[in-house]
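The values are calculated or read from the model by the stated rules, or taken from the named source; none is laboratory data. All values derive from a computational prediction rather than experimental measurement. In this analysis, Cβ positions are derived from the backbone assuming ideal geometry, glycine residues included, and neighbour counts consider all displayed protein chains.
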Amino acid sequence: MSTAVVSDKPYKIALVCAEPSGDMLASGLVNTLLQRFPNAQIKGIGGDLTQANGLESWFDMNELSVMGLVEVLKHLPRLLSIRKQLKAQLLAFKPDIYIGVDAPDFNLPIETFLKKHHIKTVHYVSPTIWAWRESRVHKIKRAVDCVMGLFPFEAPVFAKYHVPYQFVGHPMADAIALKPDQEKARTTLKLHADATVVAILPGSRSGEVQHLLPIFLASFALMQARHPELVGVVPAVNAARESQINQLLATYPDSLQSALIITRRPAREVMIASDAVLLSSGTATLEAMLCKRPMLSVYKMSGLTYKMMQHLYKPDYFSLPNILANEALVPELLQDDVTPEAISAYMNDLIALDLSITQVAGVASETHSTTIPDSTITHLPVLSKGSCLFAIDQDRLAYIMQRFTQLHITLQQNADEQSADVVTRYLLK
């Protein structure tokens with residue numbers, strides 16, 4: 001189905017995003033739906049991107065962005081209050097369909113509520129039942145008419161429970177070129193063509209920045225000692241994060257501050273401009289993979305959240321590229337292993353390589369692969385789940401870049417159109 005006008009009917013579409021990653025994913029869907037249904041109203045909750053594409057947001061999306069199990073509990077009264085108000089506004093709006101974008105703990109109860117009022121519901125981004133709490137699938141089945149998923153490995157889980165599911169691909173895979181233009185990104189960011197640049201991404205939420213940025217800055221200082229010419233670039237997702245980052249940075253020596261650039265340019269552009277990426281585990285690891293950048297992924301949570309996750313989390317890896325590939329392509333440091341010493345040691349080894357290989361990653365064959373011996377992989381145990389580090393050399397770097405390209409191609413499915421096809425199908429039923 002194309003983006004041509006499908007109907008002039010004034011459909012009412014409700015859509016709710018709870019964080020920047022969802023806002024980015026849904027922005028193209030909003031745009032495509034309004035091309036197909038030009039008289040439609042799309043209302044709910046979204047960020048700058050969905051609003052720029054035509055969504056009317058009833059609440060500040062940042063009020064919903066909370067990380068971790070324990071952290072959610074701290075903010076539960078506020079979240080429940082927003083959800084209660086949102087339910088009332090949705091009933092008054094009387095949407096023809098509701099699209100919940102990710103955030104299953106927030107969206108699924110709303111979807112269940114709306115289903116009882118005979119409103120069609122679609123959930124965009126599969127809840128991670130393949131990783132933990134698989135029993136949630138029964139709640140999902142009651143709550144939604146269809147799940148639109150980003151990854152091909154999700155389909156069998158939903159088929160097992162007879163839940164309607166459509167793999168639509170990932171919008172980021174469509175938006176990012178197989179061979180990103182580093183020269184253009186550096187020109188935009190006013191970075192020297194020959195500079196050694198590290199992208200530093202502590203996360204988009206306030207809590208993530210507060211927890212991880214000090215560790216990342218200390219790591220960068222240690223890297224600077226070995227590579228005095230090093231440049232660090234930290235993207236800030238909004239004005240609030242920019243202010244928070246600048247306040248934290250102000251407590252560090254001038255020598256460190258002068259080597260760091262804080263920018264409101266998109267994280268994607270910063271990653272493409274970089275030679276290597278230091279980042280928190282999450283959607284950013286997938287974006288770095290699509291940008292064909294070697295990275296180190298870290299994940300640090302509250303002690304109680306970590307203990308709970310040890311018993312609930314099933315995959316061997318935390319980073320999305322590793323889960324997609326079912327192999328260690330991205331090194332991971334978890335919990336107590338997240339130290340400036342460990343981070344800087346690995347990043348120093350990485351940026352010492354000839355990173356020009358990342359500039360030809362996009363021409364790698366979709367089918368050809370190079371076998372890397374398993375003996376290069378080492379595991380640092382952290383209780384029952386471990387960090388995953390491996391020796392990095394030119395051969396392994398070339399292999400990683402090739403695998404990144406193969407995975408990129410798998411996810412290129414024209415997701416905005418595919419997801420709009422699903423919504424259109426249910427709207428017209």
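Among the residues of region 178-187, is any touching a helix residue (DSSP H, G or I) at 6+ places or on another chain (Cβ under 7 Å) and among the β-branched types (Val, Ile, Thr)?
There is no residue in region 178-187 that is touching a helix residue (DSSP H, G or I) at 6+ places or on another chain (Cβ under 7 Å) and among the β-branched types (Val, Ile, Thr).
Filter region 110-134 down to the residues that are outside any loop (DSSP other than H, G, I, E, B), surrounded by 17 or more Cβ atoms within 10 Å (Cβ to Cβ) and polar (S, T, N, Q) and list them by number.
Within region 110-134, Thr121 is the sole residue that qualifies.
Since Thr121 meets every condition but one in (1) under 30 Å from Ser81 (Cα atoms); (2) in the same structural domain as Val237 (by TED's automatic domain parsing), which condition does it not meet?
In the conditions (1) under 30 Å from Ser81 (Cα atoms); (2) in the same structural domain as Val237 (by TED's automatic domain parsing), Thr121 misses (2) alone.
Does Gly22 fit the bill of being crowded, with 23+ Cβ neighbours inside 10 Å, within 24 Å of Ser280 (Cα to Cα) and modelled with pLDDT under 95?
For Gly22, the condition - crowded, with 23+ Cβ neighbours inside 10 Å, within 24 Å of Ser280 (Cα to Cα) and modelled with pLDDT under 95 - is met.
Taking the options Asp416, Asp337, name whichever one is among the acidic types (Asp, Glu), surrounded by 16 or more Cβ atoms within 10 Å (Cβ to Cβ) and modelled with pLDDT of 95 or more.
Testing whether each residue is among the acidic types (Asp, Glu), surrounded by 16 or more Cβ atoms within 10 Å (Cβ to Cβ) and modelled with pLDDT of 95 or more leaves just Asp416.
Across region 185-220, which residue is nearest to Ser319 (Cα to Cα) among those that are buried (at least 16 other Cβ atoms within 10 Å of the Cβ) and among the small types (Gly, Ala, Ser)?
By that ranking, first place goes to Gly203.
Yes or no: region 143-158 includes at least one residue that is outside the structural domain of Ala26 (by TED's automatic domain parsing), among the aliphatic types (A, V, I, L, M), part of a helix (DSSP H, G or I) and closer than 28 Å to Tyr299 by Cα.
no
Can you pull out the residues in region 199-229 that are assigned to a loop (DSSP other than H, G, I, E, B), out of contact with any Ser or Thr (no Cβ under 8 Å at 6 or more places or on another chain) and closer than 21 Å to Asn62 by Cα?
None; the set is empty.
Could you figure out which of (1) surrounded by fewer than 21 Cβ atoms within 10 Å (Cβ to Cβ); (2) more than 23 Å from Ser27 (Cα to Cα) isn't true of Gln182?
Answer for Gln182: the failing condition is (1).
Residue under question is Pro10, and the condition is that it be out of contact with any helix residue (DSSP H, G or I) (no Cβ under 9 Å at 6 or more places or on another chain) and of a type outside the set (Phe, Trp, Tyr); does it hold?
Yes: the conditions hold for Pro10.
Which one of these is farther than 22 Å from Arg425 by Cα and aliphatic (A, V, I, L, M): Ala143, Ala173?
None of the others qualify; the one that does is Ala173.
Only residues that are of a type in the set (Ser, Thr, Tyr) and under 18 Å from Tyr165 (Cβ atoms): list them for region 71-111, please.
Across region 71-111, the qualifying residue is only Tyr98.
Please go through region 231-267 and give me each residue that is within 26 Å of the chain's Cα centre (by Cα) and over 13 Å from Leu201 (Cα atoms), ordered by number.
Those that are within 26 Å of the chain's Cα centre (by Cα) and over 13 Å from Leu201 (Cα atoms): Val231, Asn238, Ala239, Ala240, Ser243, Gln244, Asn246, Gln247, Leu248, Leu249.
Out of region 135-164, which residues are surrounded by 14 or more Cβ atoms within 10 Å (Cβ to Cβ), more than 24 Å from Ala14 (Cα to Cα) and without any contact (Cβ under 8 Å) to a residue 24 or more places away in the chain?
Hit for region 135-164 is Ala155, nothing else.
Pairs, please: C-beta under 9 Å, at least 6 apart or cross-chain, first residue in contact (Cβ under 8 Å) with a residue 12 or more places away in the chain and in region 246-268, second among the acidic types (Asp, Glu) and buried (at least 17 other Cβ atoms within 10 Å of the Cβ)?
Thr263/Glu269; Ala267/Glu287; Arg268/Glu287
Could you check region 48-65 and list, in sequence order, the residues that are buried (at least 21 other Cβ atoms within 10 Å of the Cβ), modelled with pLDDT of 95 or more and in a loop (DSSP other than H, G, I, E, B)?
Leu55
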